Amino acid sequence: MNGDTSTNLKHTAMANFQEIQGAKRVLLVNDMCGYGKVALAAMIPIVTHAGHVTYNMPTCVVSNNLELGKFSLLDTTDHIRRTIAVYDELGFRFDAISTGFIVNQTQAKMISEYCQRKAEEGAMIFVDPIMGDEGRLYNGVEEPTIVCMRELVRIADVIVPNYTEAAYLTGMPYKENITTSEAHELIDALRKIGSKSVIVTSAMVNGNTEVIGYDVKENEYFTLPYSVVPVRLPGTGDMFSAVLVSEVLNGKSLRNATQRAMDVVRNLVIKYKDTPEKCYGIPIEECLDMI
């Protein structure tokens with residue numbers, strides 16, 4: 001591609017940006033699932049509904065969500081490499097990048113390097129280190145994934161692990177119940193890896209289910225209790241992240257954005273807790289008015 005063509009492409013891209021002036025530009029990096037409202041299928045409608053412009057970079061294409069136990073997965077590492085090159089030629093800039101499921105260490109390195117470059121241009125980096133829950137790793141997630149996720153945590157503005165993922169990332173023991181002091185130690189250990197702000201979901205603290213966090217801007221820890229709705233619907237973590245990113249970009253404090261994300265997900269789960277096809281998750285397009 002010659003210099004004139006490259007310049008024209010960048011001018012075209014910037015002209016498109018001017019047409020959506022005022023909207024935030026969000027790059028979503030996650031898997032694309034053929035069945036189930038999870039990952040990109042769950043996040044894109046929410047972030048778009050919040051008034052932002054979405055771009056997506058699939059880390060893999062999966063036949064169905066992993067809850068079903070059997071799946072086919074297409075690794076898109078080469079596609080990501082080519083996509084980053086095209087985005088660079090087009091001069092794409094983002095207000096935020098949100099990352100989710102990462103397939104391998106090569107992807108993690110490419111994505112973390114790209115996020116670092118975009119952070120230097122002003123993008124906020126949100127990382128959901130998707131690996132496991134309830135004390136164990138998800139189907140298809142291997143130990144090397146932990147190393148991959150630490151690469152992303154290292155350059156993040158905000159990370160959103162659940163308690164299981166936080167324990168794996170830090171090497172701290174998984175416990176059924178932790179104290180407030182242990183909760184702060186866990187957050188501090190995550191911050192030592194590199195993340196500026198931290199939100200840990202699904203933690204049992206002093207016998208209560210809580211979301212625990214640290215906001216670097218306010219230099220404060222915070223705790224947000226909640227009651228568990230006894231049903232499992234895939235994709236709720238992705239929806240939580242999508243609401244969180246959207247609310248932060250719309251000017252909410254981290255604490256308030258977290259509370260809003262908690263409230264939205266809880267209301268969605270209550271609405272669909274009796275759905276017969278639970279493996280599909282929440283049909284998010286049907287209830288955007290709840291967000």
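The values are calculated or read from the model by the stated rules, or taken from the named source; none is laboratory data. Given the structure is predicted, the values throughout are model-derived calculations rather than measurements. Neighbour counts run over all protein chains shown; Cβ positions are idealised from the backbone, glycine included. Note: accessible area is taken over every heavy atom of the protein model, side chains too, but ligands, DNA and RNA are not part of it. Shrake-Rupley method; radii C 1.70, N 1.55, O 1.52, S 1.80 Å.
Points to keep in mind about this one:
- Neighbours of residue 272, meaning other residues whose beta-carbon lies under 14 angstrom from its beta-carbon, give a summed charge of +2 when Lys and Arg score +1 and Asp and Glu score -1.
- Surface share of carbon and sulfur [accessible, 1.4 angstrom probe, percent] for segment 34-162: 51
- Here the Kirkwood formula puts the hydrodynamic radius of segment 23-177 at 15.9 Å, using every distinct Cα pair.
- Where a label projected 7 Å from the Cα of residue 176 along Cα→Cβ would reach, residues of segment 118-138 with amide N under 19 Å: 133-137
- Within the chain, longest stretch free of exposed GluC sites (Glu not before Pro) [DSSP loop, at most 12 other beta carbons within 10 Å]: 1-120
- Under the membrane-span-like helix rule (DSSP H runs whose alpha carbons stretch at least 18 Å along the helix axis, mean Kyte-Doolittle hydropathy 0.5 or higher), the chain yields 236-249.
- Positive contributions from Lys and Arg (+1) and negative ones from Asp and Glu (-1), summed over other residues with Cβ under 15 Å from the Cβ of residue 155, come out at +2.
- In the chain, helices alone account for a calculated mean residue ellipticity at 222 nm of -13500 deg cm²/dmol, with every DSSP H run of four or more residues adding -39,500 (n - 2.57).
- Percentage, to the nearest whole number, of Cα pairs in the chain over 23 Å apart: 54
- FRET E, pair residue 134, residue 289, Förster distance 22 Å, beta-carbon r, rounded to 0.05: 0.10
- Among 239, 124, the order of accessible area from largest down is 124, 239, computed with a 1.4 Å probe on protein heavy atoms.
- Taking Cβ atoms as reference points and 9 Å as the exclusive limit, the residues near residue 249 contribute a net charge of 0, counting Lys and Arg as +1 and Asp and Glu as -1.
- Considering only Cα atoms, the convex hull volume of segment 93-198 works out to 85 Å³ per residue.
- Reachable lysines, given that their alpha-carbon falls under 25 Å from the alpha-carbon of residue 217 and they are not under 8 places away in the same chain: 24, 118, 192, 196, 252
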